[in-house]
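Reviewing the structure listed below.
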């Protein structure tokens, strides 16, 4: 059943699916943020794939009937590459959250104790409030970084299937 569905997906449909699913994903991140789940520095960087992928997918979906097949195929492979990168970044961030490996020093690790009140005030002004190694929310056991990795893998797969059609 699934293979029949995959066989029927056109490049244009794949571009639409990637674009709409990617937009829904980034919109979900914005909604969580609106409800008080502030993103950490790594979370914000993971969004770059969506900021690049959504417009690229939209352009491909609109112009697929007009452009040569090779251009559309290259665009879909580029989308796949963008979301494979996002998947790897999501896995990295999830690993930081699970303490499998260290994250960037500007948003993870032990807080340094200030020696004086002046040092404390300087530390407050330069400290990152949201830590990259602490999970703000888990859904079905996965953090949002973990979900990003899974969703990005799915988007990359759809883009590859569309490119190969």
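Just so you know, all these numbers are worked out from the coordinates, no wet-lab data involved. These numbers come from a predicted model, not from an experiment. Cβ coordinates were reconstructed from backbone atoms using ideal geometry, including for glycine residues, and neighbour counts include every protein chain displayed.
Worth a mention:
- Peptides 32-39, 95-102, 43-50 ranked from most to least packed give 43-50, 95-102, 32-39, packing being the mean of other C-beta atoms within 10 angstrom over each peptide's residues.
- Sorting the segments 138-149, 51-62, 154-165 by their mean number of nearby beta carbons within 10 angstrom, highest to lowest, gives 154-165, 51-62, 138-149.
- Peptides 17-28, 66-77 ordered by average Cβ neighbours within 10 Å, highest first: 17-28, 66-77
- Convex hull volume per residue for the range 1-107, taking Cα atoms only, in Å³: 132 Å³
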